[in-house]
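In what follows, a structure is listed as structure tokens, so that the remarks can point back to it.
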Amino acid sequence: MKKSVGQILGRTGIRIPLILWSIAVLYPIFWMFLGSFKSNAEIYRNPWGLPETFNWQNFADAWTNYNIDTSVFNSLIVTVVGAALTLVLAIPTAYAIERINFKGSKFLFTLYVSAMMIPMVLGWIPLFFLLMDFGLLDNIFGLAIVYAVSQLPFTIFVLTSFMSTIPKSLEESASMDGMSPYRILWKIITPLSMSGIITVTIMNAIQFWNEYFMALIFLQTEGNYTLALAIDYISSEAQYTNAWGTLFASLVIAIVPVIILYAIFQQRIAKGMTEGAIKG
Amino acid sequence: MVQSKKQKYMFLAFCLVPTFIMFAIFTLYPLFSGLYYSFFDWSGSAQNKEFIGLDNYIKLINDAIIPDTIIHDYFLVATKVIGIMIMALFIAVALTQLKIKEAPFYRIVFFFPNIMSVVVIGILWTFIYNPSMGLVNSGLEFLGLESLARPWLGSETWALPSLVLPSIWAGIGLFMLMLMGGIANVSKSYYEAAEIDGANEWQQFWKVTLPLIWPQIKISILYIVITTLNGSFIIVQVMTGGGPNNSTHVMGSYLYQQAFVQFNFGYGATIGVMILVLSLITVLILQFLMRRDKVEY
């Protein structure tokens with residue numbers, strides 16, 4: 001087929017919106033990195049250009065004077081404990097729903113999956129008092145538990161669909177050899193599901209690292225703030241202190257781990273998120 | 001099988017019971033007791049918990065702010081669905097059909113905001129809208145359109161529309177990928193047949209691509225609607241906190257303010273019930289409107 005001049009022009013024309021949108025996505029992110037190296041005076045003078053010199057003072061300030069060190073630590077704990085607990089709770093259930101015949105397995109699966117569509121904001125009020133009764137309010141481990149349970153439906157959902165691709169013959173022959181179901185789950189199913197487990201864990205970890213609103217409700221003292229809360233706090237203070245450079249530095253600290261994970265696991269993350277959305 | 005029935009049930013219990021108990025305590029119980037709280041006047045302490053029947057619901061109907069929060073939520077839903085779907089569809093078609101060499105670059109870049117924290121997105125965009133240093137106003141000045149510059153987030157008229165752009169910015173990538181997945185599954189032979197029949201690219205898009213990726217479009221729209229109704233308050237909380245003068249409050253941020261700032265927990269729960277009911281009704285209506293038999297050629 002011959003291509004008309006119009007079509008060739010069209011090909012070039014189609015790139016213009018794509019390039020513009022790339023700039024719209026990348027420029028604010030670059031600009032945040034640049035701003036983290038500028039002094040406050042420079043941010044006012046030249047908010048959108050390159051910094052005159054690259055100095056790390058903002059990072060030092062954020063780290064020591066604004067307690068970012070504590071909140072990075074808190075966020076790490078919440079992320080790691082939350083992601084691990086999600087797996088401990090989700091793997092056995094996903095296996096049972098996918099592979100063991102029992103009455104109500106369909107119902108249980110539907111119950112978990114439909115929880116993905118329910119607005120949890122209604123539940124947060126009772127949850128607040130429940131955590132208070134358990135002594136887990138304003139406690140990062142309490143928050144990690146809440147996070148883990150909140151990601152259970154999604155995790156069970158992804159893991160069951162992953163486990164359905166593992167051939168049944170492996171379990172059957174292991175069972176013939178006298179392996180207990182506990183060992184089959186631990187020694188055969190878990191290693192064979194590793195790819196799905198890694199995908200879902202990366203996504204849960206990013207989710208927990210980024211989460212803001214539940215942390216806002218369930219954490220109260222500054223010493224327990226996660227990174228998202230600490231940044232929000234610096235941001236609201238910056239209205240008065242004008243410590244914009246520190247704010248940018250803490251935004252950079254929050255986003256760098258996500259960028260690294262995305263650089264390594266870009267395809268897994270993209271695939272996991274689309275599949276989660278399409279089938280859910 | 002060597003294992004006995006009893007052993008099977010033991011294993012089943014081991015797999016299901018601990019997880020279900022956690023799920024029941026931290027998800028099911030809070031939802032149902034939220035429903036229960038909505039019938040109480042309650043400021044948080046045990047002594048001040050008083051059963052008031054439907055009074056909270058009567059208050060809800062008479063609360064002048066409630067209709068605004070509902071309108072704001074559906075404004076965000078409508079603008080996000082339109083904005084995200086048009087742009088995601090355009091990008092998805094461009095990246096799959098038009099053989100652009102650098103397509104993977106665009107895909108990777110456009111998706112990235114989807115995994116950024118709402119706090120980071122909100123603060124970045126608050127800066128972009130900053131009246132004196134922000135990119136929007138500087139850009140308008142640069143183009144000689146100073147008259148259009150305004151304190152975007154500080155204006156009662158413009159604050160809510162200003163929240164749409166960051167939401168679209170952050171949301172496009174996921175739906176672009178979902179639609180790209182749909183287009184990739186459309187068999188090449190349909191396009192070849194359409195070309196032989198003399199259909200141009202625009203006609204091919206309308207007659208072949210669009211009907212065949214309708215399932216993905218439907219899921220995308222539903223997903224945007226659900227996530228917006230269930231989560232729009234997060235970006236509102238970060239960027240405006242519901243202000244100025246309640247002009248950006250959505251249902252969720254108003255619930256937060258009532259329950260966790262003003263300690264009207266009973267009334268907050270009532271707002272939560274409203275959110276639950278409205279989002280369920282909306283999803284049902286949408287599913288009814290978008291039912292369309294799967295197209296097969």
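Kindly provide the set of residues from the stretch A:112-122 that are within 19 Å of B:S33 (Cα to Cα) and open to solvent by less than 40 Å² (accessible area, probe 1.4 Å), ordered by number.
A:Y112, A:A115, A:P119, A:V121, A:L122
Could you check the stretch B:78-100 and list, in sequence order, the residues that are open to solvent by less than 10 Å² (accessible area, probe 1.4 Å) and either acidic (D, E) or more than 9 Å from chain A (Cβ to nearest Cβ) (or both)?
Answer for the stretch B:78-100, where residues must be open to solvent by less than 10 Å² (accessible area, probe 1.4 Å) and either acidic (D, E) or more than 9 Å from chain A (Cβ to nearest Cβ) (or both): B:I84, B:A88, B:A92.
Looking only at the stretch B:54-76, which residues are without any contact (Cβ under 8 Å) to a residue 12 or more places away in the chain and either crowded, with 16+ Cβ neighbours inside 10 Å or under 15 Å from B:I275 (Cα atoms) (or both)?
Across the stretch B:54-76, the qualifying residues are B:I61, B:D63, B:P67, B:I71, B:Y74.
Suppose we filter the stretch B:258-297 for residues that are under 20 Å from B:L76 (Cα atoms) and open to solvent by 50 Å² or more (accessible area, probe 1.4 Å); how many remain?
Final tally of qualifying residues: 7.
Looking at A:L111, A:L122, which one is facing chain B (nearest Cβ under 9 Å) and either over 28 Å from B:L12 (Cα atoms) or among the charged types (D, E, K, R) (or both)? Explain how you work it out, then say what you get.
Working: A:L111 fails: either over 28 Å from B:L12 (Cα atoms) or among the charged types (D, E, K, R) (or both).
Matching residue, one of A:L111, A:L122: A:L122.
Quick one: count up the residues across the stretch B:101-113 that are more than 7 Å from chain A (Cβ to nearest Cβ) and either within 22 Å of A:G272 (Cβ to Cβ) or open to solvent by less than 20 Å² (accessible area, probe 1.4 Å) (or both). Before you say what the answer is, go through the steps one by one.
To start, the set of residues in the stretch B:101-113 that are more than 7 Å from chain A (Cβ to nearest Cβ) comprises B:101-105, B:107.
The next check asks that each one be either within 22 Å of A:G272 (Cβ to Cβ) or open to solvent by less than 20 Å² (accessible area, probe 1.4 Å) (or both); those that pass are B:103-105, B:107.
Selection size over the stretch B:101-113: 4.
Can you confirm whether the stretch B:140-160 contains a residue that is more than 22 Å from B:D73 (Cα to Cα), modelled with pLDDT of 90 or more and of a type in the set (D, E, K, R)?
no
Please pick out the residue among A:T165, A:T241, A:T246 that is surrounded by fewer than 23 Cβ atoms within 10 Å (Cβ to Cβ) and under 29 Å from A:L34 (Cβ atoms).
It is A:T241.
Evaluate the stretch B:227-247: report whether one residue or more is farther than 24 Å from B:I58 by Cα, in contact with a Lys or Arg (Cβ under 9 Å, 6 or more places away or on another chain) and open to solvent by less than 30 Å² (accessible area, probe 1.4 Å).
yes
Take the residues in the stretch B:127-182 that are out of contact with any helix residue (DSSP H, G or I) (no Cβ under 6 Å at 6 or more places or on another chain), open to solvent by 10 Å² or more (accessible area, probe 1.4 Å) and polar (S, T, N, Q), then tell me which one is farthest from A:G49 (Cα to Cα).
B:T157
Out of contact with any Gly (no Cβ under 8 Å at 6 or more places or on another chain) and either assigned to a helix (DSSP H, G or I) or not small (G, A, S) (or both): does that describe A:I156? Lay out the reasoning, then the answer.
Details: out of contact with any Gly (no Cβ under 8 Å at 6 or more places or on another chain): yes; either assigned to a helix (DSSP H, G or I) or not small (G, A, S) (or both): yes.
For A:I156, the condition - out of contact with any Gly (no Cβ under 8 Å at 6 or more places or on another chain) and either assigned to a helix (DSSP H, G or I) or not small (G, A, S) (or both) - is met.
If you go through the stretch A:212-225 one residue at a time, do you hit one that is more than 30 Å from B:V261 (Cα to Cα) and in a helix (DSSP H, G or I)?
Within the stretch A:212-225, not a single residue is more than 30 Å from B:V261 (Cα to Cα) and in a helix (DSSP H, G or I).
With the structure loaded, tell me whether B:I219 is farther than 30 Å from B:I58 by Cα, at the interface with chain A (Cβ under 10 Å from one of its Cβ atoms) and under 16 Å from the mean Cα position of the chain (by Cα) or whether it fails that test.
So B:I219 passes the test.
Among the residues of the stretch A:58-104, what is the count of those that are without any contact (Cβ under 8 Å) to a residue 12 or more places away in the chain, open to solvent by 10 Å² or more (accessible area, probe 1.4 Å) and facing chain B (nearest Cβ under 9 Å)?
3
Output the number of residues of the stretch A:249-269 satisfying the condition of being crowded, with 17+ Cβ neighbours inside 10 Å and more than 12 Å from A:N58 (Cα to Cα).
9
Considering only the stretch A:140-192, state which residues are away from chain B (no Cβ under 14 Å), touching a residue at least 24 places away in the same chain (Cβ under 8 Å) and under 26 Å from B:I21 (Cα atoms).
Once the filter is applied, which keeps residues that are away from chain B (no Cβ under 14 Å), touching a residue at least 24 places away in the same chain (Cβ under 8 Å) and under 26 Å from B:I21 (Cα atoms), the stretch A:140-192 yields A:I140, A:V158, A:S161, A:F162, A:S164.
Listed here are the residues, each with its yes/no results for (1) under 17 Å from B:Q237 (Cβ atoms); (2) out of contact with any helix residue (DSSP H, G or I) (no Cβ under 9 Å at 6 or more places or on another chain); (3) modelled with pLDDT under 95.
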| site | (1), (2), (3) |
| --- | --- |
| A:W209 | no, no, no |
| A:Q220 | yes, yes, yes |
| A:I231 | yes, no, yes |
| A:S236 | yes, yes, yes |
| A:W244 | no, no, yes |
| A:S250 | no, no, yes |
| A:L261 | no, no, yes |
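The values are calculated or read from the model by the stated rules, or taken from the named source; none is laboratory data. What you see is a predicted model, and the numbers here were worked out from it, not measured in a lab. We place every Cβ from the backbone using ideal geometry, glycine too, and count neighbours over all the protein chains shown. With ligands, DNA and RNA removed, areas are computed over all heavy atoms of the protein, side chains included. Shrake-Rupley method; radii C 1.70, N 1.55, O 1.52, S 1.80 Å.
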